[in-house]
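The values are calculated or read from the model by the stated rules, or taken from the named source; none is laboratory data. Just so we're clear, the structure is a prediction, and the values are computed from it rather than from any experiment. Quick reminder, even Gly has a Cβ in these numbers, built from the backbone with ideal geometry, and neighbours come from all protein chains shown.
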There are 2 protein chains.
Amino acid sequence: MGNADYVYPSTNEYRQCAHPVAVPPPQPFFKSFKNSLKETFFPDDPLRQFKNKTPSRKFFLGLQYFLPILEWGPRYTFQFLKSDLISGITIASLAIPQGISYAKLANLPPILGLYSSFIPPLIYAMMGSSRDLAVGTVAVASLLIGSMLGDEVNATENPALYLHLAFTATFFAGLLQASLGLLRLGFIVDFLSHATIVGFMGGAATVVILQQLKGILGLQHFTQSTDIISVLRSVFSQIHEWRWESGVLGAVFLFFLLLSRYFSKKRPKFFWISAMAPLTTVILGSLLVYLTHAEKHGVDVIGNLKKGLNPPSFGDFVFTSPYLTTAVKTGMITGIIALAEGIAVGRSFAMFKHYNIDGNKEMVAIGTMNIVGSCFSCYLTTGPFSRSAVNFNAGCKTAMSNVVMAIAVMFTLLFLTPLFHYTPLVVLSAIIISAMLGLIDYEAAIHLWKVDKFDFVVCMGAYIGVAFVSVEVGLVIAVAISVLRLLLFVARPKTFVLGNLPNSTIYRSVEQYPTTNDVPGILILQIDAPIYFANSSYLRERISRWIDEEEDKLKSTGETSLQYVIFNMSAVGNIDTSGISMLEEVKKITDRRGLKLVLANPGAEVMKKLNKSKFIETIGKEWIYLTVGEAVEACNYKLHTCKPDATNEDSQPWNNV
Amino acid sequence: MGNADYVYPSTNEYRQCAHPVAVPPPQPFFKSFKNSLKETFFPDDPLRQFKNKTPSRKFFLGLQYFLPILEWGPRYTFQFLKSDLISGITIASLAIPQGISYAKLANLPPILGLYSSFIPPLIYAMMGSSRDLAVGTVAVASLLIGSMLGDEVNATENPALYLHLAFTATFFAGLLQASLGLLRLGFIVDFLSHATIVGFMGGAATVVILQQLKGILGLQHFTQSTDIISVLRSVFSQIHEWRWESGVLGAVFLFFLLLSRYFSKKRPKFFWISAMAPLTTVILGSLLVYLTHAEKHGVDVIGNLKKGLNPPSFGDFVFTSPYLTTAVKTGMITGIIALAEGIAVGRSFAMFKHYNIDGNKEMVAIGTMNIVGSCFSCYLTTGPFSRSAVNFNAGCKTAMSNVVMAIAVMFTLLFLTPLFHYTPLVVLSAIIISAMLGLIDYEAAIHLWKVDKFDFVVCMGAYIGVAFVSVEVGLVIAVAISVLRLLLFVARPKTFVLGNLPNSTIYRSVEQYPTTNDVPGILILQIDAPIYFANSSYLRERISRWIDEEEDKLKSTGETSLQYVIFNMSAVGNIDTSGISMLEEVKKITDRRGLKLVLANPGAEVMKKLNKSKFIETIGKEWIYLTVGEAVEACNYKLHTCKPDATNEDSQPWNNV
C-alpha cells in the first residue's frame, strides 16, 4: 500500500468527473417509522379515495367500503338479474347435494350443509368484493373439522357436544378471519404459497377420496385416522364386510359424474351438464332406492331431514375447558385454510374479469359470514373453487347469484327436505370423489418440478405430509420448508465475480455472460442479498475465498497482482449492524493483504447506515462510486497512474494495454 | 396498443446494437444440486488443501485438521513457552475463584468449578484452533443450568440427582456442539446476531448480579426465579434478615475489585492487577475470616473442599424419564449459548492477531471437551470473554497457556483445596458482580439505536425478556424478532422509482438522488428483493399503485401519457413459481391498460426460471434488456419513432425534446 498515499490526490482529481454517491437526507425517526408501518400494513393505500372529501361523503364511502353492495346495488340492472338468476339456480343445484355430502364428511348432521348454504351467502352478498365467489362449505375444511374435533369428542357417542363444538370452532374461525382483515394482517395468507396449496389440496383430496371408500363399500366400522395407511388397512381388513350392491351403485354414479365432467370440459358451452349432474344423480339415486327398497338391502340412505330454516345456535357455544382449546385450535387452522382458498379463488376470477379484490376486505367479509353463520347453525364456509367456477361459467354478474342460491336453498329447507329421505349415501360419496379428483393437479406438480425444484419439494412435502400423516402436519411441513427457503436465501446469498462486457462499460456475472473479460488487478464481486446477521459470517468467509482464489489464479498465470476489490452493492437492499461489522472486518482483511476495498452503488438504506456507523469515513468517501464502471475506471486510472491522461480519452484503457 | 404491431420491426432493428440478455446454459440437475449443497455447508471449502496430495500426506493433513496441535506443536519454541507460562498462570489465578463462584451460581458443589478448569482446557489445547481462547465455565450458562435443572430437581433436597443431571446436560450440550460442527451446521449460531448477544448478555448479567444479593446480604432463603421482580421482592421482603457484616465485607471487596478494573483499563500495561485481584480478594477474605472467626458471626464460608483430581462421572448419567427431557433441553439451550460465546470470542481475538478460525472445527473442539469433561465431573465449559481477554493481554502465544492453567489448577486440586475452607461466600459474590458489570454494554446498545433501530429492538427484546421473564424467553424473543426481520425484508421488499441522472445513461432512485429527471412516458421501477410467494401479492398491489400514481401525476400535469413500465431486476436475486405467476398477472394488467412491460437486467437464476416457465415468450425476448439505459433508449426510440435516427446520435434524446 506504499503508493496509496501518493496517488490519493490524483484520485480525488479524477473523482470530479465521476458521480457522487448520495447519502439520503436524514428523516425524523417518527416519520420513517410511520412510512414503513404504512408500507407493511397498507400497501394498497385504502384511504386514498377518502382524500379531500366532505365528512358526509367520507361516511358514505366508508360504508361502501365495508358494504360493497351499496356500491354496485344502485347500478344493478335487469340484465344483470337475468344472468345472476341462471347462475344462482345452477350453483344451488350443486350446493344442495355437495352441502349434504360435506356435512357427512365432517361427521355433522346432513341438514347443516343446507343451513350453511343459506345464511352465509346472504352476508357475503352484502360485504364481499368478489363478483364470482359462490359461498359454501368445502371438503378439506369439513374433513379437518371432522378429524380435529373427533380427537376430542366422539360424534356418534356425544352428537350434541360435537355439534356445539363445531359451531364454536366456526365462530373462532370467523373471528380469526375478520381480525386478520381488520388488523391488516392478510399477508399471513401469502405464506401459503401456490406450491403449498397445490400439494396440500392434492393430499387432502387423496385423503377425502379414500374416506369415501367407507360409503362406497357400505362399511359400518371405519378408522378415525385420515392417513392413507390407516385407511387402507381399515378397508382391507374388512374385505368380508364389503357390500356389492352399494359398490356397484357407487361405481355407476361415479362413472356418470366423471363422464359429464369430461364432456363439459371438452365443450365448455355445456358447463351446465356437469353442474346439474350431482343433483341428477341424487334424484336418480333416490328414485332408485324408493322404487327398489334398496335401503333394506344394505344401501344406507340419509333418512329424515328436519323441515324448516336454520335454528339459532348462539346459545350452544362451548366456552369451557377442555373443549375450548380444541375449538380454538380447530377454528384457527380451518379458518386459515378456508381463508386461503376463498381469497385465492376470488383473486383468480377477478383476474379473469379484470377487476380488483381487496384481500383484507374479503377477509372481513368471510369472517363476518362465519361469525353470523355460527350463530345460526351453520358451520365453516368459504368460496370453494369448484362452485365458484360453475358460477363464473354460468355467467354470474354480481354477488346477487349468491342471494339467488340462498333463496333456492331456503325453498328446499322449507318444502323439499322430505325428498332427500331416500337419497343413498353412496351417491354422496360418488359426488365427493368426482369433485375431489379435480383437485389432484398433477400437471401443476410437473410444472413446479420443471421450473423450480424447491417449490416442487414444498409441494411434495405438503402432499406426503397430508396423505401419510395428517392435514395439520402436511401444512406445517410445507410452510416450514417455504420459510426455510426464504431464510436460506438470506443466509447463503449468491456472490459472483463480474467481468467487463466487450466494448462497453457494463459489468456482468462472468458465469451468465461468458464473453466478459477480466479486469487485470481488480476483482469485482457482486453480493446478491441484504447483508444481515444471518449471512455476515458466511459472506466474510466466502469473500476471503474469492480473494484467495483470484490471487491463486493470478499467481499461476503470472498476471498483474491483485490491487483492488470492488463490491457491487446494487443488490444489497439493506444492512444491519452485524453486516457493518462484517464490512469492517473485510476492510481489515483487505488492508492486511495490501488490497484496496471499493464499494459501487450502495443504495439509500445502506448509505444511511454506513454513514451513521462511520464506515464511510473508515473506507474513505472517495472509494465509494455510483457504478461499477466508474469504480473500475478510477482504479485503473490509479493502476496506470504513469499515464494519467488515459481515462479521459478512453473509458476501457485495459482493453488497449 | 394499436401501434405496437407497427413499431415491432424497428424495435428489432434497434436491438441489434443493444446487448442481449443471456439465459445461462442449462446445468444437469445433479450438478447444480451438488453445487448449492457445497455453497450451503462448505462455504470455506475445507477440502481445498487436500487436493493433489499423496494418501499418506492426506492422512496426516486430516489428522492435523482435527488436532491442530500437530500443526503448531512441532514449531513450538522456548520463547513461546515463556509467554504461555506467564499468561497461563495469570488466567489460573482468575480461573480458581471464578470457577468456584460460577459453580455456586449453578447450585453445584464449588469443587466442580475447579474440576471444570482442569480436563476441558487440556482437550481444547489439542483440538482448538484459537490461540487466545482460555477455557472455563461461564456465568450465564451456569445460571441457566441452575434455573433450568432447578425447575425439575431441588439442588438442596436431592443434591446427588441434581449433580448427575448437570453431568448429563453437559454431555448433551457437548454432543450437540460437536454434531453441529461435524454436520457443518455452524450457521445456526449465526442466528444469534450481535444485537441479540448484547441484549442477552446485558440481561443475563443483570440477573446474575441481582442473584448475588443473596450472598452479599447473607440471606438464607431466596427465590428460585431469576426475573428482576421476583428477586427484588424476595430481597425486600426479608429486610430484617439482612446481615450487615456480610454486606459491609461485600461492599469493600467489590470496591477493591472495581478499582483494580478501572486502573487496569486506564493503564493496559497493568492488566495483571485486575487479573490478580480476584485471587487477592479470596486470600484476603479467607485470612480475615480465619483471624476474626467471622464464620461464627453470620459470614458464610465455602467449607470443606475435597482434595484430589476429578473423579470419573460417566457412570452417573441419567437417561431415564422424566429427567432425560430436562437434561436434553438444558443441554441444548446452554450448549448453543456457550457455543455462541466461545466462537464469538475466538473469532474476535483471531481478528486482532490476523489469523483464521474455522467455526465448524471450533464447534467440534468445544463439543469434544464438554463430552469428555462430562465423563470426569466437569460441567459446561466454553471460552469466556473475560478470561480470554486476560489471556490475550498477558501475551499468550498458543493454546499451551490452557495447559499451563490446567496444571496450576491440578496443583491446587491436589494440595491447596484446604486453603479455601475459610473463603467467605460474599467474596465470591463480589467477584461475580465485578465480572458481570463489564458485560452490561450500554454503549453498544446506544450504538445500535443510532445505526439500526431494528437491531436496537432486538437487543432490548432480549434484555427485557431475560431480565423480566427468564433467560430462555429472552433468547426466543430476540431470535424471533431477528427472524421476523429477515422475513419482513422478503415479505415487504422496497420498490422505488428510478430517474435519469443528468448527462448520463445512469438510472437511480429519485429519492436518493433528487437531481434525477423523469423520463416522459416511461415508469422505471426497481424491486429490491427476490420475488417469492411471501411478497408476490404485495408486489402486485404495490406495482399497480405505482402505475396508478404515475398516471394520476401525468394526468394532473398534462404530460405525455404513460407508455412503458420498466422493471429493473438487478436486485432480484431469485424468483419462484408464485413470483412468475405475479409477473404474468402484472403483464396482463399492463396489457389491459395499454402499457408495455419491459425487464432490465434479470440475473442468471431469474432468466433460467423465466425461460423454463415460458414467461420470456409471453413478454417477448425483445422486451428484455441488459441495462435500464438500453431499455429506456429502446422505448424512447419507439416513442419517437417518427424520427428514427435520434438514438444513434444521442443517448438521452428526451433531454433534448
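Some points to look at:
- Cβ-Cβ under 8 Å pairs, at least 6 apart or on other chains, segment A:285-312 side assigned by TED's automatic domain parsing to the domain that holds A:Phe256 and assigned to a loop (DSSP other than H, G, I, E, B), far side of a type in the set (Gly, Ala, Ser) and at pLDDT below 85: A:Gly298/A:Gly218; A:Gly298/A:Ser246; A:Val299/A:Gly218; A:Val299/A:Ser246; A:Asp300/A:Gly215; A:Asp300/A:Gly218; A:Asp300/A:Ser246
- Qualifying position, being of a type in the set (A, V, I, L, M), closer than 30 Å to A:Val458 by Cβ and in the same structural domain as A:Ser386 (by TED's automatic domain parsing), among A:Val248, A:Val231, A:Val252: A:Val231
- Some residue of segment B:476-492 being aliphatic (A, V, I, L, M) and closer than 22 Å to B:His640 by Cα: no
- Residues satisfying the stated conditions in segment B:495-511, i.e. surrounded by fewer than 20 Cβ atoms within 10 Å (Cβ to Cβ) and not in a strand (DSSP E or B): B:Leu501, B:Pro502, B:Asn503, B:Ser504, B:Thr505, B:Val510, B:Glu511
So that you can scan it fast, the table gives a plain yes or no per residue for (1) at pLDDT below 85; (2) more than 30 Å from A:His297 (Cβ to Cβ); (3) surrounded by fewer than 17 Cβ atoms within 10 Å (Cβ to Cβ); (4) in the same structural domain as A:Ala141 (by TED's automatic domain parsing):
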{"residue": "A:Leu183", "(1), (2), (3), (4)": "no, yes, yes, yes"}
{"residue": "A:Asp190", "(1), (2), (3), (4)": "yes, yes, no, yes"}
{"residue": "A:Ile197", "(1), (2), (3), (4)": "yes, yes, no, yes"}
{"residue": "A:Ile209", "(1), (2), (3), (4)": "no, no, no, yes"}
{"residue": "A:His221", "(1), (2), (3), (4)": "yes, no, yes, yes"}
{"residue": "A:Phe236", "(1), (2), (3), (4)": "no, no, yes, yes"}
{"residue": "A:Ser264", "(1), (2), (3), (4)": "yes, yes, no, yes"}
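- Subset of segment A:26-50 (residues that are within 11 Å of chain B (Cβ to nearest Cβ) and outside any helix (DSSP H, G or I)): A:Gln27, A:Phe42, A:Pro43, A:Asp44, A:Asp45, A:Pro46
- Scanning segment B:462-493 for residues that are in a helix (DSSP H, G or I), in contact (Cβ under 8 Å) with a residue 40 or more places away in the chain and within 14 Å of chain A (Cβ to nearest Cβ) yields B:Ala462, B:Ala478, B:Val479, B:Ser482, B:Val483, B:Leu487, B:Phe489, B:Val490, B:Ala491.
- Hey, B:Gly308 surrounded by fewer than 19 Cβ atoms within 10 Å (Cβ to Cβ) and either in contact with a His (Cβ under 7 Å, 6 or more places away or on another chain) or modelled with pLDDT of 85 or more (or both) or not: yes
- The single condition among (1) farther than 30 Å from B:Ile188 by Cβ; (2) in a loop (DSSP other than H, G, I, E, B) that B:Gln526 does not satisfy is (2).
- Unmet requirement for B:Ala445, which otherwise passes all of (1) at pLDDT 85 or above; (2) closer than 30 Å to B:Val252 by Cβ: (2)
- Segment A:503-514, residues that are touching a residue at least 24 places away in the same chain (Cβ under 8 Å) and either more than 8 Å from every other protein chain (Cβ to nearest Cβ) or on the phi > 0 side of the Ramachandran plot (or both): A:Asn503, A:Thr505, A:Tyr507
- A:Met436 meets each of the listed conditions (1) crowded, with 19+ Cβ neighbours inside 10 Å; (2) within 13 Å of chain B (Cβ to nearest Cβ); (3) more than 19 Å from B:Leu484 (Cβ to Cβ) apart from (2).
- Pairing residues of segment A:575-591 that are facing chain B (nearest Cβ under 8 Å) with residues that are surrounded by fewer than 23 Cβ atoms within 10 Å (Cβ to Cβ) and of a type in the set (Gly, Ala, Ser), at Cβ distances under 7 Å and at least 6 apart in sequence or on separate chains, gives A:Ile580/A:Ser613.
- Looking across segment A:540-563, the residues that are within 22 Å of A:Asn574 (Cα to Cα) and within 9 Å of chain B (Cβ to nearest Cβ) come down to A:Glu541, A:Arg542, A:Ser544.
- Residue within segment B:126-148 that is more than 16 Å from B:Val409 (Cβ to Cβ), more than 23 Å from the chain's Cα centre (by Cα) and among the hydroxyl-bearing types (Ser, Thr, Tyr) present: yes
- Qualifying residue in segment B:641-657 (condition: within 14 Å of another protein chain (Cβ to nearest Cβ), in contact with a His (Cβ under 7 Å, 6 or more places away or on another chain) and either at pLDDT 90 or above or farther than 30 Å from B:Asn35 by Cβ (or both)): no
- Entirely in segment B:550-641, the helices (runs of 4 or more DSSP H) that have 3 or more residues that are assigned by TED's automatic domain parsing to the domain that holds B:Asn517 and within 23 Å of A:Pro602 (Cβ to Cβ): B:604-612, B:628-639
- Exactly one residue out of B:Met369, B:Met351 is without any contact (Cβ under 8 Å) to a residue 12 or more places away in the chain and assigned to a helix (DSSP H, G or I): that is B:Met351.
- Condition met for B:Leu232 (aliphatic (A, V, I, L, M) and in contact with a Lys or Arg (Cβ under 8 Å, 6 or more places away or on another chain)): no
- With respect to the conditions (1) of a type in the set (Val, Ile, Thr); (2) modelled with pLDDT of 85 or more; (3) buried (at least 19 other Cβ atoms within 10 Å of the Cβ), A:Val476 lacks only one, and its number is (3).
- Flag if A:Phe415 is more than 14 Å from every other protein chain (Cβ to nearest Cβ), out of contact with any Ser or Thr (no Cβ under 6 Å at 6 or more places or on another chain) and surrounded by fewer than 24 Cβ atoms within 10 Å (Cβ to Cβ): yes
- Every residue from segment B:223-256 that is without any contact (Cβ under 8 Å) to a residue 40 or more places away in the chain and of a type in the set (D, E, K, R): B:Arg233, B:Glu241
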